[in-house]
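The structure appears right after this line, and notes come after that.
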Amino acid sequence: MDLLRNLRFARRLAILVGIFAAGFLLYGLWSFRTLDELRVNGPLYGDVIQGKDLIADVLPPPLYIIESFLLAQQLAAAGNQAERDQLAQRLRTLHAQQLARQQYWQGRQLDPSLADALKQSNLHAAAFYRDAFGQLVPALELADKPRAEHALLSMKRHYEQHRRVVDNLVQLAASRARFTEGQAADRVQRDSVLLLAILAASLGLAVGLAWLISRSITQPLAEALAVAQRMHQGDLSSPPPAPCHDETGELLLSLHALQQDLANAAAARDAAGDKLRRTRRLLDQLMNNADLLVLGLGRDGEVLLFNDTAVRVTGCARQAVLGRVWRDLPLLPMSAIALWPAGGQQEQLRAMPPAQEHLLTTASGDERRIAWRHTVLEEGDIALLSFGLDVTELRQAERAIAAAQETADSAHRSKSSFLANMGHEIRTPLNAIIGLTQLALQGQLDARQRSYLQQVDGAAASLLAMFNDILDFSRIEAGALHMQECVFSVRQAAEQACAAWQAPAQAKGLRLECAVDAAVPAELVGDAARLQQLLQHLLAHAVRFTDQGKVLLAVQRDTGDGGHGATVLRCEVRDTGAARDAAIQLFEPVSQGDSAAGLGLSVARQLAAMLGGHLMLESDPAQGNRFIFTALFQHALPAATPSAEAQAVARAAWPALAACGIDVAGALARMQGNPSHLHKMLGQFLHSQATLHAAIADALAQGSQARAQRLAHTLAGLAAQLGMEDLRQGAAEVLNALRGGAGADAELARLAPRLDAVLQAIRADLQAAQGPGAQAA
C-alpha cells in the first residue's frame, strides 16, 4: 500500500493497464507460437510431410534404380546396335534424373539417420551407374560377352544393396513421421494447459492490483475530508500528514500548508506593515540625498512632492511650494510655463514629452538649466513624477569644448594648407636634385665623384620618402587619403615591393625573399599602390634594423571570414634582427621626437586599418621579429572580352595608345571602369619609365645586376596591368636574360624603340585630354 501511495494516479493506472496488456500479450504470443508450429506448412507439419515425401520419392524411379537395372538387362539382350543405342540413351536419361533428385534431397534439412540412409542408397546407385557406363556399355560395343556378363553381375550386386538400403530408408521415414505426429498431439495438449494458466494468473494479478489501487485512493481522500471538516470548525491543530508523492498526498500537504498559512497570517500582516514603514523611510532618504530634483504633481498641477535637492537648487522652502500649482510659481520663466500642464487637463499630461530642458529662476534670482525626465502615472494621487538634473556646468563645459574644437579644426586646416604648400615647394627641388644626380651618374666620373653623387642621390631619395610619409600621415589624419579600386595581381604586387628593397638588402649582405602561397587568388580588387606602400614601409624597417640573416615577405590566405566575394590576406614580414620594441611606434601618435622609421610604421598601421585589417608586431630574441597585418580585398570578376562599343570608346579616348596596339579597353576594365585612375597611372608610368632602358643599361655597367632586374620586373608588371602586351614581352625578355646571367644588350636594344613609342603615345593622349591650352604650354 505504501509503495502505491508514492506513485501518481496516472502511473498506477498505467501499471494496471500494463498488467492486463502484458497478460493478454503473453497469452496471444504463446497462442501464436503454438499455432505457428502446428499450422499447415509449420515446423512439425513439415517434418511429417518430409518423411512422407521422402517415402513417395524414394520408392519409384529415378531414386529407386529398379528401372535402370531392368533396362541394363534389356541392353545386354538386345539383338542389334540401334536397339542398344536407344536403350543406352534411356539409361543415361534415368541417370541424369537420379542425380537431379539426389541434389534436391541433399539441399533439404533431414534427420541425420534419414540423411545417412539416403547417402548410402546414392552411393550404391552411383556404383551401379559407374559399372553400367564404364563396363557394360563398352563391353557391348566391343562384343565382349564375358566382360558384359561380369558387369551385369556387379550391377546386380549393387542393385541388391541399393534395394536393401531403400527398404531401410522407407522404414525410417515412416517411423519418423509417426513419431512427429505423436509429438504434435502432445504439444497441443501441453500448450493448452499452459495458456489456461497464463490467462488465470493474469486475471488474478489484475483484480488484486485493482483492489489495492482503489484502497490507495479512497483512504487518503477520507483523511483529507476529515481535516477539511476540522478546519471548518476552527480546529487548526491537525498533525502533519505522512509524506506521500501522489495526488492525495499533495492534497493533504496542501491542507496542512493552508492551516499553517491561516495561523501565520496575522503575524505576516504585522511584519508587512513594519516593512512598509521602513521602505517608506528609505525612499524618503533616497529622494532627499540623491543629486536629482524630484517633483511630483497632482491631477490639478499642484506640487505634492518636493525633495531636499529641489529645495537646495531653487532656494524655496518645501512648505512654501507644497500644495501650490507648479506653473504658477515664480520659478519658471515665461518661455518654460507652456512646457508644463495646466491643472485638471489630463490630455496635457499624456502629451508630455519624456524629456525636456529649460531654465529655472531660483529664489535668489540666479538661472539654472535643468534637464527633466517625466513619467505619467495613471493611478494614485501623483499624476506626474519628474526627475531634474542640474546641467548648468555641463552645458558651459560643452560650449567650451565646442570652442576648443573649432580652434583645433582651424589649426588643422592651417596645417593642411601649410603641408600642401610645402609639398610643392620641397618636392620640386628634391625631384630636380634626384634627376640631375642620376643624369650626372650616367656620365664619366671617377670613383670618388661617383661615391659622393650616390650618397647625394640616396640622401635625397630618403628625404623625399620621409616627406611623402609626412604628407600621407597628414592626409590620413584629415581623412583625405582615399582608396582606388582596380584589379591587380597579388604576386606581382608582393614581388615589386621586394624588388624595391632588393638592392639595399644585398648591400648589407641580407637575403630578401618573397613567398606567395598557392591558395592566394591570382587577382583581387583593391588599391595595389597602397598595399605596396604598406609592404615597402615594413620591408624598409626590417632591412634597416637587420644586420645579418634574411628578410622574408610571406603572403597567404587568412582563414578568417571575409564575407561573400571577398578574401582576407595575411601578410608577414619576418627578419632575423635583434628583438625591438616597436609597439610605441605602432600604437602611439607621431611626436616631434619620432624617427623616420617610427613615422613609416605609423603610416603603415593606418594604411592597414584603411585596408580593412590591423598591424601587429611579434618579437622574439631568439627568432627575430614578425610584422603581421591582414587586409580585406574583393574577388575579381571573371575576365571578359570588352564589347565592341567599349573598345570604340577606348580608341576614341586614347587614339595614340590604340594605334600602338595597346588594349586600353581591357586596362580600363581591370580598373573597374575608372578613367581618372587610368589617367593617373599612365601619367605615373610616363614620369617614372621615361629613361628606363638607359637606367637598366647604366645599372649593368655599374655591376648592379639586382637593380637592373628590379627595374625590368617593375616595367613588366606595369605593362601587364596597363594592357601593353608587346612592351611586357620585351621587359620579360630582358628580365630572363638578366636572370640567366648572360648580357642583355640585344634585348635592351629591342626594348628601347618599343618603350619610346609607348611613351610618345601616352604623352600625346595625355596632352589631348588636357586641352589645347596644355598643349601650347
Spin-label pair Asn80/Arg413, simplified geometry with 7 Å Cα→Cβ offset, distance in nm: 14.0 nm
Spacing of the two label points (7 Å from each Cα toward its C-beta) at Gln767 and Ala659, in nm: 1.2 nm
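If packing is taken as the average count of other Cβ atoms within 10 Å, what order do 572-578, 657-663 fall into, highest mean first? Can you show the working numbers first?
Details: 572-578: 19.9, 657-663: 18.3.
Descending mean neighbour count gives 572-578, 657-663.
Could you work out how much longer the chain between Phe20 and Asp116 gets when fully extended? Use 0.36 nm per residue separation minus the Cα distance between them, nm to one decimal. Working shown, then result.
Numbers: separation 96, 0.36 × 96 = 34.56 nm, distance 5.05 nm.
Answer, rounded to one decimal: 29.5 nm.
For region 109-154, what does the alpha-carbon gyration tensor say about shape, rounded, prolate or oblate, given a ≥ b ≥ c as the root eigenvalues, a/c under 1.5 as rounded, and a/b over b/c as prolate?
Values: a/c = 8.15, a/b = 3.80, b/c = 2.14.
Note, shape of region 109-154 comes out prolate.
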Region 433-439 - phi-based ³J(HN,Hα) in whole Hz, Karplus 6.51/-1.76/1.60, Gly and Pro as x: 4, 5, x, 5, 5, 5, 5
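How much FRET efficiency would the formula 1/(1 + (r/R0)^6) give for Asp517 and Met231, where r is the Cβ-Cβ distance and R0 is 56 Å, rounded to 0.05?
Details: r = 84 Å, r/R0 = 1.50.
After rounding to 0.05, the efficiency reads 0.10.
Between Ala100 and Leu262, what length comes free when the chain is fully extended (0.36 nm per residue of separation minus the Cα-Cα distance, one decimal in nm)? Walk me through the numbers on the way to the answer.
Working: separation 162, 0.36 × 162 = 58.32 nm, distance 9.71 nm.
Difference between extended and current length: 48.6 nm.
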Karplus 3J(HN,Hα) series, Hz, for region 711-723 with 6.51 cos²θ - 1.76 cosθ + 1.60 (x for Gly, Pro): 5, 5, 5, 5, 4, 5, x, 5, 5, 5, 5, 8, x
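Would you mind getting me the FRET efficiency between Gln356 and Arg269? Use the beta-carbon distance for r and R0 = 41 Å, nearest 0.05.
So the FRET efficiency works out to roughly 0.45.
Students often check this: by mean Cβ neighbours within 10 Å, which of 123-131, 70-78 ranks highest, and how do the rest follow?
Values: 123-131: 19.3, 70-78: 16.6.
Most protected by this proxy first, the peptides run 123-131, 70-78.
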Estimated distance in nm for a label pair at Phe133 and Leu445, the labels positioned 7 Å out from Cα along Cα-to-Cβ: 11.2 nm
From phi via Karplus (6.51, -1.76, 1.60), per-residue ³J(HN,Hα) for region 200-210 in Hz, x at Gly/Pro: 5, 5, 5, 5, x, 5, 5, 5, x, 5, 5
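FYI, it's all coordinate maths here, none of it is from the lab. Bear in mind the structure is a predicted one, so any value in this text is a computation, not a measurement. Cβ: placed from backbone, ideal geometry, glycine included. Neighbour counts: every protein chain shown.
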